[in-house]
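The values are calculated or read from the model by the stated rules, or taken from the named source; none is laboratory data. On a predicted model such as this, the values are computed, not experimentally measured, just so you know. Because the Cβ atoms are built from the backbone with ideal geometry, glycine has one as well, and the counts that use them run over all protein chains shown.
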Amino acid sequence: MASYETLLVEKRGRVAVITINRPSKLNALNIQTRAEGAAALDELRDDESVRVVVITGAGEKAFVAGADIAEFEGRTSITQRDVMTARSLFTAVDTFPKPVIAMINGFCLGGGCELALSCDLRVASESARFGQPEINLGIIPGGGGTQRLTRLVGEGKAMELILTGEMIDAQHAYRLGLVNLVVPAADLEAKTLELANRIAEKSPVALRMAKEAVKTAARANLDEGLRREIDLFALCFSSEDKDEGVRAFLEKRKPEFKGR
């Protein structure tokens with residue numbers, strides 16, 4: 001395996017664990033992390049010894065707390081579209097032919113929630129917190145959140161989470177169907193790897209076919225929805241509210257949105 005600056009990749013038998021390793025930034029996704037994540041998946045795709053991939057975050061506070069907001073400042077609608085239409089980590093996870101499990105060890109917000117939604121299964125610690133808080137920055141989810149969250153939990157609940165930008169706890173996420181399993185924090189790694197190894201015991205061919213079949217059944221118009229989401233997300237970057245939301249976040253104050 002190649003070495004990465006923002007990721008750790010470890011093989012544990014037939015399971016590969018990708019750890020997003022930016023704990024000082026609560027594992028926020030920047031451009032480099034997204035590119036390295038996609039590159040790591042490319043390597044693991046061709047590694048026949050790996051049958052299941054687990055994605056998690058370094059430290060105890062966060063799986064991924066969202067995008068690296070500092071990168072948003074000064075970004076225009078055009079540059080944001082370029083960023084989002086470049087190869088997407090979310091799409092790389094979603095289209096990965098082997099099962100991918102999110103091991104959610106803390107805050108799972110914004111792009112972090114979208115990364116978890118891109119995975120096939122989600123195991124959360126009792127201390128995990130979920131949300132799509134982009135609305136608080138004057139933007140919307142742009143990594144598939146409006147599409148994948150809606151398909152997973154339904155329009156009404158997705159609308160509530162996206163319009164309020166509020167966080168929910170792990171048990172609430174479980175009741176919504178957002179996560180498959182909630183376990184004590186001390187048991188998270190063991191329980192996730194136990195699940196991964198149970199799946200890794202199955203036929204790799206059957207796993208690949210089963211994953212493709214289920215995804216095909218679940219998403220008739222996803223591609224169209226994702227294209228439209230990128231359009232709207234990019235448009236947010238032409239607004240004054242986006243500039244205010246990002247500045248307020250960086251200055252640690254409450255934003256004053258003006259609706260323009």
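The residues on offer are Glu60, Glu71, Glu48, and the sole one that is over 26 Å from Ala190 (Cα atoms), out of contact with any helix residue (DSSP H, G or I) (no Cβ under 6 Å at 6 or more places or on another chain), modelled with pLDDT under 95 and outside any strand (DSSP E or B) is Glu71. Restricting the first member to segment 149-167 and to residues that are within 14 Å of Val179 (Cα to Cα) and without any contact (Cβ under 8 Å) to a residue 60 or more places away in the chain, and the second to residues that are small (Gly, Ala, Ser) and outside any helix (DSSP H, G or I), the beta-carbon pairs closer than 7 Å and six or more apart or on different chains are Leu152/Gly177; Val153/Gly177. When the residues of segment 220-251 are filtered to those that are of a type in the set (D, E, K, R) and over 20 Å from Leu149 (Cα atoms), which remaining residue is surrounded by the most Cβ atoms within 10 Å (Cβ to Cβ)? Taking the candidates together, the pick is Lys242. The set of residues from segment 1-38 being in a helix (DSSP H, G or I) and closer than 21 Å to Arg208 by Cβ comprises Gly37, Ala38.
Screening the candidates Phe249, Phe233 for the property of being assigned to a helix (DSSP H, G or I) and in contact with a Gly (Cβ under 9 Å, 6 or more places away or on another chain) yields one hit, Phe233. From the list Ala128, Ala196, Ala186, the one residue that fits, being over 18 Å from the mean Cα position of the chain (by Cα) and either surrounded by 15 or more Cβ atoms within 10 Å (Cβ to Cβ) or at positive phi (or both), is Ala196.
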